[in-house]
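Notes follow the structure.
The values are calculated or read from the model by the stated rules, or taken from the named source; none is laboratory data. Since we're looking at a predicted model, the values are computed, not measured. Cβ atoms come from the backbone with ideal geometry, glycine included; neighbour counts cover every protein chain shown.
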Amino acid sequence: MTLNKIFGFVLAACLISATARTAIAQPAVADTSWRTLDAAFRRYISADSIVGASIVVMRNGTSIARDNVGMGDRALREPVTDATIFHWGSITKTLTAIAIMQLRDRGKLSLDDRITMYLPELRQIHDAFGSMDDITLRMLLSHSAGTRNGTWPYSDDNSPWQPFEPTKWEQLVAMMPYQQLLFKPGTQFGYSNPGFVYLARVIEQITGDPWVHYIQKNIWTPLGLTHSYVNTTPYHLAGDRSNNYYVRRDSSTRTLSVTANGRDFDPGITIPNGGWNAPLTDLMTYAAFLTNAAHDDQKLQHTYDLILSRKSFSEMWSQVVPLDAAHPANGSMGLSFFLYGVGAERIIGHTGTQAGFRSFLYFNPRTTRAVIAVYNTSSFANLTGAAMAERALSDAVRQYLATSP
């Protein structure tokens, strides 16, 4: 797994019927690398015909510049703005991981606890390598437990009468006897979405709060993330919600079709591993927290430390397993965060993909530089030049994050 593959997105994006482009904010500090990055961002959008997207670059918790491109809703001709609400997919996993670390720091659990202490149902999964009792919370946090990638064990035509994802815990439990571990726990990396559903169940058992209530109380509210939510958009924010799109190429005519998936969808049981909805501004506040950008504000620093200590973050950002044992230089997995070396610099972050939305959040903890981007489209059309433009954008992101202030 290469760095380009992680910085890039699994799916490409789609056609713009009308493009609304906001003016690029002038950098607060001279920063020519932002210009290079934004040019690559726009070239990729043009090459892959993305409906709507937004990108921001930050340093020390402050926006250097931001670019909003295209439409949040094609049919209504609503442009992407600073208020547009996107879906952030698997970046949500970092919230679940922080919650587990909070409970560990409060003496409520150990990362070496066996998951079956909390979820004995998992013993129904076939384990050819030993016992399901060998799987620890640490393994689940680092995607090294051997559990499957997808929540559904099926892949079909995604018929509209089917739920988007399993909606009840009982559905996952019913499928467990028909699943198996993919490798011996703790021996390698294997990305797993249900692993974070299991971790969320641990949070709920220990605290008595539903996952979203715990996250609201212990992360979103203290950080002031007032526009973050899961599932259906609150009425007062509905006008800002972005639609999301798929693009496909007709097999006979080779023409492209764009399908709007609807502004809201139910992530079901997958909310703890991919349910976060928010405007980019909330993710910017989150990135400031991750980079400890308190600006000598003692009250804010106290809030940051109360949510999670730098020592615990350092633990989360330490390698547990390489992404590819045969090529360890290609990156590694910490506790829910992906870790990369770019020259002498260390880049940390996560991507997200669900429905038509795709996103990434990456930062350099030493320089406090961060890049956050989100698209509201995914494509199955393999548009000419899109992959090359995406790789160029990935390179520009790396270069920005690896540049010293």
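Residue count for the range 107-145 under the criterion of being farther than 21 Å from Gly334 by Cβ, free of Cβ contacts under 8 Å to residues at least 40 places away in the same chain and in a loop (DSSP other than H, G, I, E, B): the result is 2. Does the range 103-110 contain at least one residue that is at pLDDT 95 or above, under 15 Å from Ile206 (Cβ atoms), buried (at least 22 other Cβ atoms within 10 Å of the Cβ) and not assigned by TED's automatic domain parsing to the domain that holds Ala293? No, there is no match, as no residue in the range 103-110 is at pLDDT 95 or above, under 15 Å from Ile206 (Cβ atoms), buried (at least 22 other Cβ atoms within 10 Å of the Cβ) and not assigned by TED's automatic domain parsing to the domain that holds Ala293.
One residue stands out among those in the range 139-173 that are surrounded by 19 or more Cβ atoms within 10 Å (Cβ to Cβ) and of a type in the set (D, E, K, R): the one that is modelled with the highest pLDDT, which is Arg148.
Within the range 375-405, being under 18 Å from Val342 (Cβ atoms) and either in contact with a Ser or Thr (Cβ under 6 Å, 6 or more places away or on another chain) or of a type outside the set (A, V, I, L, M, F, W, C) (or both) holds for Glu390, Arg391, Ser394, Asp395, Ala396, Arg398, Gln399, Tyr400, Thr403, Ser404, Pro405.
Here is a yes/no grid of residues against (1) surrounded by 20 or more Cβ atoms within 10 Å (Cβ to Cβ); (2) in the same structural domain as Thr281 (by TED's automatic domain parsing); (3) of a type outside the set (Val, Ile, Thr):
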position: Trp220; (1), (2), (3): yes, no, yes
position: Gly224; (1), (2), (3): no, no, yes
position: Ser242; (1), (2), (3): yes, yes, yes
position: Ser251; (1), (2), (3): no, yes, yes
position: Thr255; (1), (2), (3): no, yes, no
position: Thr259; (1), (2), (3): no, yes, no
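Can you pull out the residues in the range 249-262 that are of a type outside the set (A, V, I, L, M, F, W, C) and either in a loop (DSSP other than H, G, I, E, B) or within 24 Å of the chain's Cα centre (by Cα) (or both)?
Listed by number, the residues that qualify are Asp250, Ser251, Ser252, Thr253, Arg254, Thr255, Thr259, Asn261, Gly262.
Condition check ((1) assigned to a helix (DSSP H, G or I); (2) surrounded by fewer than 20 Cβ atoms within 10 Å (Cβ to Cβ)) across all residues:
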| site | (1), (2) |
| --- | --- |
| Asp264 | no, yes |
| Thr270 | yes, no |
| Asn273 | yes, no |
| Ala278 | no, no |
| Asp282 | yes, no |
| Ala288 | yes, no |
| Asp296 | no, yes |
| His302 | yes, yes |
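For the range 285-330, the tally of residues that are within 23 Å of Tyr214 (Cβ to Cβ) and touching a strand residue (DSSP E or B) at 6+ places or on another chain (Cβ under 7 Å) stands at 3. Of all the criteria given as (1) more than 16 Å from Leu37 (Cα to Cα); (2) at pLDDT 95 or above; (3) crowded, with 23+ Cβ neighbours inside 10 Å; (4) small (Gly, Ala, Ser), the one not satisfied by Ala370 is (1).
Yes or no, residue by residue, for (1) crowded, with 17+ Cβ neighbours inside 10 Å; (2) of a type outside the set (Lys, Arg); (3) farther than 15 Å from Gly146 by Cβ; (4) outside the structural domain of Gln354 (by TED's automatic domain parsing):
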| residue | (1), (2), (3), (4) |
| --- | --- |
| Leu182 | no, yes, no, yes |
| Phe189 | yes, yes, no, yes |
| Phe196 | yes, yes, no, yes |
| Val202 | yes, yes, yes, yes |
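Would you confirm, using the coordinates I've provided, whether Arg366 is in the same structural domain as Phe41 (by TED's automatic domain parsing), part of a strand (DSSP E or B) and among the charged types (D, E, K, R)? No.
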